[in-house]
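The values are calculated or read from the model by the stated rules, or taken from the named source; none is laboratory data. Since we're looking at a predicted model, the values are computed, not measured. Positions of Cβ are generated from backbone atoms using ideal geometry, with glycine treated the same way; all protein chains shown enter the neighbour counts. Calculation scope for accessible area: heavy atoms of the full protein, side chains included, ligands and nucleic acids excluded. Shrake-Rupley method; radii C 1.70, N 1.55, O 1.52, S 1.80 Å.
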Amino acid sequence: MDVIPPVSLALAGLVTQGKISRHLQSNVVKNHPDFHTNIDDYLPYAPGVVSLGLAASGVKGKHKLGDQVILALLSNVIAQGVTQSLKRIVAYPRPNGEDNHSFPSGHTTTAFTNATLLHEEYGQTSVLYSIGGYSTATAVGTMRILNNKHWLADVLMGAGIGIGATKALYISYPWMQRTVRRMKH
């Protein structure tokens, strides 16, 4: 079940690449020509800050603070490694023509990575954490499109990578912990 959301988003990113994304972007630019904000440069980190802030405040999550920091760092490094590699390989132009590093969206990858961290640690405590984290991540993706920095396909693929990398790390983390413990002894 954990693979369904990231795989679905990544496939949607591939399906919407090209004509669908260009059509949506032309409508966005036509209907919101003066839209500009830079909050999307800061908002991707908010769900991760909330998760680590809760842990630092003593709110019990799935893992202790130290493990949460490790999971946050590793998941963000893995997700950005995939995203930045794809940006260089694909070299797809941004809608505003600024450069050829559009696909996938790094900001959206970060936002969904951090939203998934919050969901994994505190989503079982209250669904509101998951709703807040994923709503924030969705807002980031939407702003990337409204700012004419990314196509819909970029945002969908970034969301899939962020969720997928984090889910994969959470699934493999117990094995990693056992392996490290064995190496210490």
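The table below gives the values:
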quantity: Subset of region 129-144 (residues that are among the aliphatic types (A, V, I, L, M) and free of Cβ contacts under 8 Å to residues at least 24 places away in the same chain); calculated: Ile131
quantity: Number of positions in region 42-68 that are open to solvent by 60 Å² or more (accessible area, probe 1.4 Å) and either outside any helix (DSSP H, G or I) or farther than 12 Å from Asn114 by Cβ (or both); calculated: 8
quantity: Qualifying residue in region 46-56 (condition: in contact with a helix residue (DSSP H, G or I) (Cβ under 8 Å, 6 or more places away or on another chain), of a type in the set (S, T, N, Q) and closer than 24 Å to Glu121 by Cβ); calculated: yes
quantity: Failed item, numbered, when Pro33 is tested on (1) open to solvent by 70 Å² or more (accessible area, probe 1.4 Å); (2) in a helix (DSSP H, G or I); (3) of a type outside the set (Gly, Ala, Ser); calculated: (2)
